[in-house]
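The values are calculated or read from the model by the stated rules, or taken from the named source; none is laboratory data. Predicted, not measured: the structure shown is a model, and the values here were computed from it. Cβ atoms come from the backbone with ideal geometry, glycine included; neighbour counts cover every protein chain shown.
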Amino acid sequence: MKKSIKNLCCLVLMMALTFTLTACGSTQNSDPAPSGNGGQQNAPASGPAADVPETPADQPDTSPDSTGADDTRTLVVYFSRTGEQYTVGVIDHGNTAIVAEMIAEATGADLFEVLPVDDHYPMTYSELTDVAKREQNEKARPAYAGDVPDLSDYDTIFIGAPVWWGDWPMIMYTFFEENEDALSGKTLIPFSTHEGSGLSGFDRKLSSSCPGSTVLDGLAVRGNDCQNKQDSVRTAVNEWIAGLGY
Ligand SMILES: Cc1cc2nc3c(=O)[nH]c(=O)nc-3n(C[C@H](O)[C@H](O)[C@H](O)COP(=O)(O)O)c2cc1C
């Protein structure tokens, strides 16, 4: 009897030991966490933390377009007329002015409008063509108003005007000649608005007037489009500007 009680105790002890060892093995096999991470699971790769890098709100923005327009070295100089214009009737925002403003917007440039000192230009189209033709025949140099910005502050200068009788308006030659020295060494980029004559040699004529400057390819825009197709003009301006490296 004593022997059978002893055998029973041994059996119970062995069973308890076997159960304990089996239970330990089962726990280890079901743990997915790699050893050494305290049992924490990795965040899923597709979770938000993996997809969207977070930038602290107080970190300074150093992206290229965060520099702002204050440190621009680009100027847009232009001449433009309101009143009655070819194919568009009476306008209160000149065609060339519209393109000049688009260029300034796209480049962060400053603007300078060449305005006649004594505005002798008529507001009716046919009278304006007469005055412009006379000035061209006389090689007139009409005076312009206002203080030209300090050109030493700029490396690149866009210069635009309407085509008048296949040429720059004479007042623009006043600007080129009076500022020839200050424009020397700069990059000049011409643009025109017109109703069929395109750039009319604006680039070549600008080079002749400012031989010390580098003149790049220009842009010609239909005056009518400036009033009536501004989206396509803006696209053309932006593509041209991008091609220039802006
Ligand atoms: C006096 C004068 C002469 C012009 N001569 C030409 C010309 O030779 N070729 C041309 O395509 N357009 C010519 N035009 C049309 C203008 O170039 C066009 O309407 C221009 O977009 C006007 O621009 P603005 O509103 O900035 O002054 C002439 C317009 C005027 C007023």
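Structure values in brief
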read-out	value
Of all residues in region 136-169 being assigned to a loop (DSSP other than H, G, I, E, B) and β-branched (Val, Ile, Thr), the one that is nearest to the ligand (Cβ to nearest atom)	VAL163
Region 174-198 - residue that is within 16 Å of the ligand (Cβ to nearest atom) and touching a residue at least 40 places away in the same chain (Cβ under 8 Å) and, of those, nearest to LEU244 (Cα to Cα)	PHE191
Every pair of residues 6+ apart whose Cβ atoms lie under 9 Å, when the first sits in region 105-118 and is acidic (Asp, Glu) while the second is in a helix (DSSP H, G or I)	GLU105/ARG234; GLU105/VAL237; ASP110/ALA104; ASP110/ASP153; GLU113/ALA97; GLU113/ALA100
Count of region 214-235 residues which are surrounded by fewer than 18 Cβ atoms within 10 Å (Cβ to Cβ) and more than 11 Å from the ligand (Cβ to nearest atom)	10
Scan of region 88-119 for residues that are more than 23 Å from GLU195 (Cα to Cα) and assigned to a loop (DSSP other than H, G, I, E, B), ordered by number	GLY108, ALA109, VAL117, ASP118, ASP119
Any hit, region 208-222, residues being out of contact with any strand residue (DSSP E or B) (no Cβ under 8 Å at 6 or more places or on another chain), at pLDDT below 95 and farther than 20 Å from THR96 by Cβ	no
Residue count, region 78-120 (criterion: buried (at least 17 other Cβ atoms within 10 Å of the Cβ), among the hydroxyl-bearing types (Ser, Thr, Tyr) and within 11 Å of the ligand (Cβ to nearest atom))	3
Unmet criterion (only one of (1) out of contact with any Gly (no Cβ under 7 Å at 6 or more places or on another chain); (2) closer than 27 Å to THR82 by Cα) for LEU216	(2)
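One line per residue, one yes/no per condition, for (1) part of a helix (DSSP H, G or I); (2) at pLDDT 95 or above; (3) more than 16 Å from VAL77 (Cα to Cα):
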position: ILE171; (1), (2), (3): yes, yes, no
position: PHE176; (1), (2), (3): yes, yes, no
position: GLY185; (1), (2), (3): no, yes, yes
position: LEU188; (1), (2), (3): no, yes, no
position: THR193; (1), (2), (3): no, yes, no
position: ASP203; (1), (2), (3): yes, yes, no
position: LEU206; (1), (2), (3): yes, yes, no
position: ASP225; (1), (2), (3): yes, yes, yes
